[in-house]
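Below you'll find the structure, written out as structure tokens, and then a few comments.
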Amino acid sequence: VFLPTGSASPDYHGFKRPGDNKWANSVVALSAKTGELVWGFQLVHHDLWDYDTAAQPVLGALRRAGGETPVVIQGDKTGRLFVLDRETGRPVFGVEERGVPASDTEGEAASPTQPFPLAPPPLAPQHLTANDAWGINPEEREVCRARMEGLKSEGIFTPPSAQGTIAFPGNLGGMNWSSGAFDPERQVFVTNINNLPMEVHLIPRGQYKSVEQAARQGSLRAEVSPQHGTPYGMSRQALHSPLGLPCNPPPWGELVAVDLASGSIRWRVPLGTTADMIRDPAHLVAGTPNLGGPIVTAGGLVFIASAMDNYLRAFDTETGNELWKGRLPAGGQAMPMTYRGARSGKQFVVIAAGGHGKLGTTLGDSVIAYALP
């Protein structure tokens, strides 16, 4: 049994949990007969970013010289993709420990290194600074740039700080609980990702009550947590412009195909548009934040909804070309499934269109089925 694990608590300060915190932020293999640990692989040491292993593991078999290698394919919120030997947990393409930024926060001992796969490359951008600020007009961009200039940003794994830190990717991913799908014939793994920065602040204990009150009253649009037992509370919110658009360049969500035979990215395309978010067609942006994963079919199709517009889409597995889309009555923040009708022999694709409160898509209670030709 292959299980992903969550973050150690509290998420953004390790005062009470020194060391790597094994086996948090990991994928572990357990014996189904005895429950004993067979192997474990940790994706993030001493997590300070809420980078829990939210995506479910995907099983597959890689065709390599000498035969097939059974593997576990595991992505995480950082956008890194780990391909592990199913029997041993060893990385198929190799992993190296690389130095990452140190913490300047009282009582914090961030891990000096983090594991990085040698292949495939990260599926999501790993660095964002004020020089990368984006806006739909110069005024929006300037507000974003000024806001970002006051925040620490030393690349991925920049520790949270009282000054304020850009977490990029943020805790929505990279890969989230959406996970991905593996095409065994084409040796392609397809997944959706988020390119969405978060602004994280550590709040000294004496100031936390006032920040919490501001959040409750709505004058601060951020999630807050007291992080009991540490010197700091925490606030986090999406790093966005006055109009509510992310401060980083789009696309903010993509569908990515990885060629697992070579460990390279085969294609990537924006996922969804802002048509249901901003009605002005002059400001239409391709690629929105998304939640809910894809499926692949033997016929070479990828089906996915997930984005902040209300569509189920079909893509060509080989090229990433969008071939079809169907309008949903609510947000499709769910993974589709497919089946064959017992009497008709037709293949159907079905998805729960319920929307998502935090993502802000249309809420509903529909289950929609489509028949393939």
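Side notes on the structure shown:
- The residue list 16, 22 contains one member that is over 21 Å from the mean Cα position of the chain (by Cα), open to solvent by 20 Å² or more (accessible area, probe 1.4 Å) and either closer than 22 Å to residue 235 by Cβ or touching a residue at least 40 places away in the same chain (Cβ under 8 Å) (or both), which is 16.
- Which numbered condition residue 278 misses (of (1) surrounded by 17 or more Cβ atoms within 10 Å (Cβ to Cβ); (2) farther than 18 Å from residue 366 by Cα; (3) more than 23 Å from the chain's Cα centre (by Cα)): (1)
- Cβ pairs under 8 Å, 6+ apart, first in region 138-166 and touching a residue at least 40 places away in the same chain (Cβ under 8 Å), second among the basic types (Lys, Arg): 158/152; 161/152; 166/152
- Beta carbons closer than 9 Å, at least 6 apart along the sequence or on distinct chains, pair a first residue in region 281-297 that is at negative phi and assigned to a helix (DSSP H, G or I) with a second that is open to solvent by less than 10 Å² (accessible area, probe 1.4 Å) and modelled with pLDDT under 95 for 283/245; 283/274.
- One residue stands out in region 174-183 among those that are assigned to a loop (DSSP other than H, G, I, E, B), open to solvent by less than 10 Å² (accessible area, probe 1.4 Å) and not polar (S, T, N, Q): the one that is farthest from residue 108 (Cα to Cα), namely 175.
- Looking only at region 147-173, and only at residues there that are in a loop (DSSP other than H, G, I, E, B) and hydrophobic (A, V, I, L, M, F, W, C), the one that is farthest from residue 247 (Cα to Cα): 162
- Evaluation of residue 80 against (1) within 22 Å of the chain's Cα centre (by Cα); (2) basic (Lys, Arg); (3) within 16 Å of residue 189 (Cα to Cα); (4) open to solvent by 30 Å² or more (accessible area, probe 1.4 Å) (one fails), failing number: (4)
- Checklist (1) in a loop (DSSP other than H, G, I, E, B); (2) open to solvent by 60 Å² or more (accessible area, probe 1.4 Å); (3) hydrophobic (A, V, I, L, M, F, W, C); (4) modelled with pLDDT of 95 or more applied to residue 143, failing item: (1)
- From 324, 267, residue being under 30 Å from residue 69 (Cα atoms) and either in contact (Cβ under 8 Å) with a residue 24 or more places away in the chain or open to solvent by 30 Å² or more (accessible area, probe 1.4 Å) (or both): 267
- Residue 189 being of a type in the set (Phe, Trp, Tyr) and open to solvent by 10 Å² or more (accessible area, probe 1.4 Å): no
- Scanning region 303-353 for residues that are aliphatic (A, V, I, L, M) and not in a loop (DSSP other than H, G, I, E, B) yields 304, 312, 314, 323, 337, 349, 350, 351, 352, 353.
- Of 297, 230, all but one fail to be of a type in the set (Val, Ile, Thr) and surrounded by 18 or more Cβ atoms within 10 Å (Cβ to Cβ); the exception is 230.
- Residues in region 43-58 that are open to solvent by 10 Å² or more (accessible area, probe 1.4 Å) and small (Gly, Ala, Ser): 54 only.
- Residue check, residue 124 open to solvent by less than 30 Å² (accessible area, probe 1.4 Å), more than 25 Å from residue 19 (Cβ to Cβ) and either modelled with pLDDT under 95 or under 21 Å from the mean Cα position of the chain (by Cα) (or both): yes
The values are calculated or read from the model by the stated rules, or taken from the named source; none is laboratory data. As the structure is a computational prediction, the values presented were derived from the model and not from experiment. So basically every Cβ, Gly included, is an ideal-geometry build from the backbone, and we count neighbours across all protein chains shown. When the accessible area is computed, the model is the full protein with side chains, heavy atoms only, and any ligands, DNA or RNA have been set aside. Shrake-Rupley method; radii C 1.70, N 1.55, O 1.52, S 1.80 Å.
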